[in-house]
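K.L.:
The structure's right below; bear with me while I get my questions together.
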Amino acid sequence: LPEPVLAAVVIAALTHALDPSPILRLRRLHRDFYVALGATAGVLIFGVLNGMLLAIALSLAAMMHRLASPYIARLGRLGSSHNFVDLTRHQEASETPGVAIWRPGEPLFFGNADTIFGEILSRSRGEAGIRAVVLSLEESSDLDSTALDALMEFDGAMRVAGLRLQFARVHDRVRDLMTAAGMADVDGCCSFSVDDAIAAVGQAAKSSAAQSDSSQ
């Protein structure tokens, strides 16, 4: 066949692939839009194989960026229930007096642990009336050595700041790592739910007040 005819056949066969709606959908979802554009440009400029390799590299970079800069939610109690939700998304939820409850939106690892703990420490110390912090670790089923060291340093920094730290929704594997790393009173500072963590903070405050009264 003459090349113009062959080109027309190929173009006609691939017309459906020129539909921009899948990319526009990604833009509406705010997910992988620039990765899709980069993959498209890579295929057009470098060919199919190199373009796909570029798309994989962009996807990995986007994932690392998302994990390294996670959203940290401040939680509040939903009514009188045992449910704790993001205060910015649920205006009907209420804060627990004297207790700041935080939940990182991504698993802790070497790329984000220091940033997360530093932000929580700064925001908790800068708020008047906070005497304790509850950190929900539900997203972290395991920790690497760097994240574990950062967590222990965070625990020490909270003590220096005069704030009690209670961990909530701690997975068994993370508890085992804390114990192996030599953290004191792992069972006492770790709770299986946020509600249990709040209760532990309250009980510790009562015990401290009782000891203070008896010493006087």
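The values are calculated or read from the model by the stated rules, or taken from the named source; none is laboratory data. Values in this document were obtained by computation on a predicted structure and should not be read as measured data. Note: ideal-geometry Cβ built from the backbone for every residue, glycine included; neighbour counts use all protein chains shown. Side chains included, ligands, DNA and RNA excluded: accessible areas come from the protein's heavy atoms. Shrake-Rupley method; radii C 1.70, N 1.55, O 1.52, S 1.80 Å.
K.L.:
Antiparallel versus total DSSP beta bridges in segment 1-156: what percent is that, nearest 5?
P.N.:
Roughly 65 percent of the beta bridges in segment 1-156 run antiparallel, per DSSP.
K.L.:
With a 10 Å cut-off between alpha carbons and a GNM built on the chain, which of Arg159, Arg66, Arg28 moves the most?
P.N.:
Looking only at Arg159, Arg66, Arg28, the largest GNM fluctuation is found for Arg28.
K.L.:
Which one is right for this structure if Cα extents along the principal axes in Å is calculated from it: [x] 82, 36, 35; [y] 77, 45, 33; [z] 101, 40, 29?
P.N.:
The value computed from this structure is option [z].
K.L.:
Report the charge-dipole magnitude of segment 91-216 in Debye, nearest 20, computed about the Cα centre from +1 at each Lys and Arg Cβ and -1 at each Asp and Glu Cβ.
P.N.:
Charge dipole, segment 91-216, about its Cα centre: 460 debye, nearest 20.
K.L.:
Go through segment 174-184 residue by residue and turn each phi into a ³J(HN,Hα) via Karplus (6.51, -1.76, 1.60, θ = phi - 60°); whole Hz please, and just put x for glycine and proline.
P.N.:
5, 4, 4, 5, 4, 5, 5, 7, x, 5, 6
K.L.:
Continuing with the same structure: For segment 57-74, take each phi angle, set θ = phi - 60°, evaluate the Karplus expression 6.51 cos²θ - 1.76 cosθ + 1.60, and give the result in whole Hz per residue in order, putting x for glycine and proline.
P.N.:
4, 5, 5, 5, 5, 5, 5, 5, 5, 5, 6, 7, 10, x, 7, 10, 8, 9
K.L.:
Do you know the relative contact order of segment 60-151, to the nearest whole percent, from alpha carbon pairs under 8 angstrom that are 6+ apart?
P.N.:
Computed value for segment 60-151: 29 percent relative contact order.
K.L.:
Taking the 0 to 90 degree range and rounding to the nearest ten, how far is the long axis of helix 113-125 tilted relative to the main principal axis of the chain, both from C-alpha atoms?
P.N.:
The helix 113-125 is inclined about 50 degrees to the chain.
K.L.:
So, one more: Under 8 Å for C-alpha pairs, at least 6 residues apart: give me the relative contact order for segment 71-216, rounded to a whole percent.
P.N.:
20 percent
K.L.:
What share of the DSSP beta bridges in segment 67-174 is antiparallel, in percent to the nearest 5?
P.N.:
45 percent
K.L.:
Another question, then. Rank Pro104, Pro22, Pro70 by mean-square fluctuation in a GNM of the chain with C-alpha springs under 10 angstrom and give only the top-ranked residue.
P.N.:
Top of the fluctuation ranking is Pro22.
K.L.:
Give me the percent of the accessible area of segment 1-129 that comes from carbon and sulfur atoms, probe 1.4 Å, all protein chains in place.
P.N.:
Summing carbon and sulfur atoms, their accessible area is 66 percent of the total for segment 1-129.
K.L.:
Would you work out the relative contact order for segment 101-143, in percent, from Cα pairs under 8 angstrom that are 6 or more residues apart?
P.N.:
After rounding, I find 70 percent.
K.L.:
Additional query: Any idea which of His65, Pro20, Val201 is furthest toward the positive side of the dipole for the chain, if Lys and Arg beta-carbons carry +1 and Asp and Glu beta-carbons -1?
P.N.:
Pro20
K.L.:
Can you give me the accessible area per residue for segment 1-133, using a 1.4 Å probe, in Å²?
P.N.:
For segment 1-133, the solvent-accessible area averages 66 Å² per residue.
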